[in-house]
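See structure below.
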Amino acid sequence: MPVPDRYEFFIDPGRCIGCQSCIQACAECDTHKGQSMIQLDYMDRAQSTQTLPVVCLHCDSPTCAEVCPADAIKRTEDGVVQSARKPRCIACNNCVLACPFGVPKMNTGMGLMMKCDMCYDRTSVGLKPMCASVCPSQALAFGTREEMARLRPQSRPINTFQFGAQTIRTKVNLMAPREAPDVVDVTAAMFEPTIGHDVLQDVFGESGEGHDA
Amino acid sequence: MMPQERSPVTPVESQTVPPDRRPDAEQPKWRRDFPIDSSQDDYVSRRELVKFMALTSGALVVGQVWLLIKSVLEGGAPAPAARPIARVDELPVGGARTFEYPPGSPPRLLVRTGPETFVAYDQQCTHLLCPVIPVVDEGRLRCPCHNGWFDLATGRAVAGPPRRPLPRILVEVRGGMVYATGVEVSAS
């Protein structure tokens, strides 16, 4: 049963508070008990507390599946890139190295790659994925597009990423500021300084209006 | 003031897109052999193979059991009635003739091996159903098709391709007549 079209996944990095609830919830899922599929990335740990939960973005051109020599990673017609097929996966790590978002994880004990499949067992019956069901700040949100537009008027979803000459569209949307460009140019952004430094410097409002209050 | 609504995000296609986003016709051939879309991936999974093998061997077992039950039920059928097949003085020693027993059966072969001894077998070779020829002075039956040999006294296959013995017909001499009285079904 495919994931219903009206429900979409939204990642809002600006709302992430780094509580790791998603990691716990993911590890509690029955289909891969004990192992979390979510990477909680620290943007610039020395300077900032900003974190970013990375679930699989489910590319329309999945690099992990492109590089798989064993033909183990498949994409269902609803756009969900499934975890490696157990009888086929040869634990070669190609997908782990190739994924531009760093999503696939190798379970060396089992000799099997496991990745986020958007909780296919849950979402295909209309439930929220484990992570989105527990996220206290809804940095990981699963709902309709209209709901998201109503609740977050300052942001808008984007799903196009540019890696050099390659364009990738993803099933999962990233919530970006309303004025942000339509396409995330990842290769260009690699060399931009992180913004965490400025945010932290101003945390007590010394240079802003907060000082007077 | 709310900023103007931009175009919504492009929904992803249900079909996987190649990395260079060129149409399928321009893609290398191997892409068709290794599709990423699970709907096009028609390899047999291990579970499907095991299921197929289990069901097939189960069907074979059921068939064998059915044959066994059938043979048990029909094994008790009475032997066909004794039938006169030749007069004793009709056949010289070493002579042979064919007969049917029970009537309508495949041809059987009656051989007079001595003044008082008669043997009878199915005439069809147990290899490929060619008619066998008695070679009485050698004490054997020969199948000319593939040079198969049977023992004339017992019907046992002694040389050549046949492995199973010839089915034996029980004969009895009563009052100058040779009667066929039964068909001996070999165990092997």
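The values are calculated or read from the model by the stated rules, or taken from the named source; none is laboratory data. Keep in mind that this is a model prediction, so the values were computed, not measured. Here Cβ is always computed from backbone atoms with ideal geometry, including for glycine, and neighbour counts include all displayed protein chains.
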Single match in A:P104, A:P136, A:P62 (criterion: under 20 Å from B:V17 (Cβ atoms), of a type outside the set (G, A, S), out of contact with any Leu (no Cβ under 7 Å at 6 or more places or on another chain) and away from chain B (no Cβ under 14 Å)): A:P104
Residue count for region A:134-164, restricted to those that are modelled with pLDDT of 90 or more, surrounded by fewer than 16 Cβ atoms within 10 Å (Cβ to Cβ) and of a type in the set (G, A, S): 2
Evaluation of B:Q123 against (1) within 22 Å of the chain's Cα centre (by Cα); (2) surrounded by fewer than 20 Cβ atoms within 10 Å (Cβ to Cβ) (one fails), failing number: (2)
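Residues checked against (1) closer than 22 Å to A:P136 by Cβ; (2) in contact (Cβ under 8 Å) with a residue 40 or more places away in the chain; (3) surrounded by fewer than 19 Cβ atoms within 10 Å (Cβ to Cβ):
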| residue | (1), (2), (3) |
| --- | --- |
| A:M1 | no, yes, yes |
| A:R15 | yes, yes, yes |
| A:D30 | no, yes, yes |
| A:V55 | yes, yes, no |
| A:P69 | no, no, yes |
| A:K74 | no, no, no |
| A:P104 | no, yes, no |
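Within region B:79-120, how many residues are among the β-branched types (V, I, T), in a strand (DSSP E or B) and surrounded by 15 or more Cβ atoms within 10 Å (Cβ to Cβ)? Spell out the reasoning first.
Filtering region B:79-120 down to residues among the β-branched types (V, I, T) leaves B:85, B:88, B:93, B:98, B:111, B:113, B:117, B:119.
Filter once more, keeping what is in a strand (DSSP E or B): B:85, B:98, B:111, B:119.
Those still in the list that are surrounded by 15 or more Cβ atoms within 10 Å (Cβ to Cβ) too: B:85, B:111, B:119.
Number satisfying all stated conditions: 3.
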Index of the failed condition, B:L49 passing every other in (1) more than 11 Å from chain A (Cβ to nearest Cβ); (2) farther than 20 Å from A:V81 by Cα: (1)
Region B:17-54 - residue that is in a loop (DSSP other than H, G, I, E, B), modelled with pLDDT of 85 or more and in contact with a Pro (Cβ under 7 Å, 6 or more places away or on another chain) and, of those, surrounded by the most Cβ atoms within 10 Å (Cβ to Cβ): B:I36
Given (1) in contact with a strand residue (DSSP E or B) (Cβ under 8 Å, 6 or more places away or on another chain); (2) without any contact (Cβ under 8 Å) to a residue 60 or more places away in the chain, number of the condition B:A79 does not satisfy: (2)
Wholly enclosed strands (runs of 3 or more DSSP E) of region A:146-187 bearing at least 1 residues more than 10 Å from every other protein chain (Cβ to nearest Cβ) and in contact with a Leu (Cβ under 9 Å, 6 or more places away or on another chain): A:155-163, A:183-185
Selection count where residues are surrounded by 10 or more Cβ atoms within 10 Å (Cβ to Cβ) and either more than 17 Å from B:E184 (Cα to Cα) or of a type in the set (A, V, I, L, M) (or both), scope region B:68-78: 3
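Would you pick out the residues in region B:20-38 that are facing another protein chain (nearest Cβ under 8 Å), out of contact with any helix residue (DSSP H, G or I) (no Cβ under 6 Å at 6 or more places or on another chain) and either among the basic types (K, R) or within 17 Å of A:C59 (Cα to Cα) (or both)? Can you show your working first?
From region B:20-38, those facing another protein chain (nearest Cβ under 8 Å) are B:20-21, B:34, B:36-38; that's our starting set.
With the extra rule that they be out of contact with any helix residue (DSSP H, G or I) (no Cβ under 6 Å at 6 or more places or on another chain), the set shrinks to B:20-21, B:34, B:37-38.
B:D20, B:R21, B:D37, B:S38, listed by residue number.
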